[in-house]
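Asker: Below you'll find the structure I mean.
The values are calculated or read from the model by the stated rules, or taken from the named source; none is laboratory data. None of these values were measured; they are calculated from a predicted model. Neighbour counts are summed over all protein chains in view; Cβ atoms, including those assigned to glycine, are modelled from backbone coordinates with ideal geometry.
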């Protein structure tokens, strides 16, 4: 069962420490295990930036009852972005924002489309822009996207990894051409990655091998190959 791979209460304690909130406010980090894992992956991206010398600032929406900024994570594709917590990060004069469940236009989207071509990402890192007027279905332009992450509370078959490669193709197809060779110069940001809470089944391990052999600029993480687990 997928729940066997997650100690939900332990994760919530780590998240409370990172978000600098009271330990008893665990509801901030989801009631269901899949929500807490998603929050954990969001926090892991934040922690990556902190560990690489970025100065991070947490921005929380105002709680109407307490009139105080309060953490609120976005566990749904629905909702205005400015109603939820996000993080800004600065290093060497460059600023980025890290948001949870943010819509991003695909690389082939055009304003003349009859229907919007966008994808709601579990975690998106992008060049800052004003989202105060954004509604539920508004998407940031594709050229603002720097990197992203997808979180799945499950063990993975090959189909899930193939779906992630397709997602990369729609959002940042250059990642599938910018191969990792000895002379490869990595970005200042983590590569797009898929993180599953469980294991990779044999077919998924096989597909991961082919992804690595083709040297795509993407990563796959699981409970056997973790992105980051340590929080201050």
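Asker: Kindly list the number of the only condition in (1) over 25 Å from residue 47 (Cα atoms); (2) in contact (Cβ under 8 Å) with a residue 40 or more places away in the chain that fails for residue 137.
Answerer: Checking residue 137 against (1) over 25 Å from residue 47 (Cα atoms); (2) in contact (Cβ under 8 Å) with a residue 40 or more places away in the chain, the one that fails is (2).
Asker: Which one is farthest from residue 135 (Cα to Cα) among residues in the stretch 33-60 that are modelled with pLDDT under 90 and surrounded by fewer than 22 Cβ atoms within 10 Å (Cβ to Cβ)?
Answerer: Here the answer is 33.
Asker: So which residues in the stretch 185-211 are surrounded by 13 or more Cβ atoms within 10 Å (Cβ to Cβ) and under 19 Å from residue 174 (Cα atoms), if there are any at all?
Answerer: 188, 189, 190, 191, 192, 193, 194, 208, 211
Asker: Being in contact with a strand residue (DSSP E or B) (Cβ under 9 Å, 6 or more places away or on another chain) and more than 22 Å from residue 52 (Cβ to Cβ), is that true of even one residue in the stretch 183-194?
Answerer: No, the stretch 183-194 contains no residue that is in contact with a strand residue (DSSP E or B) (Cβ under 9 Å, 6 or more places away or on another chain) and more than 22 Å from residue 52 (Cβ to Cβ).
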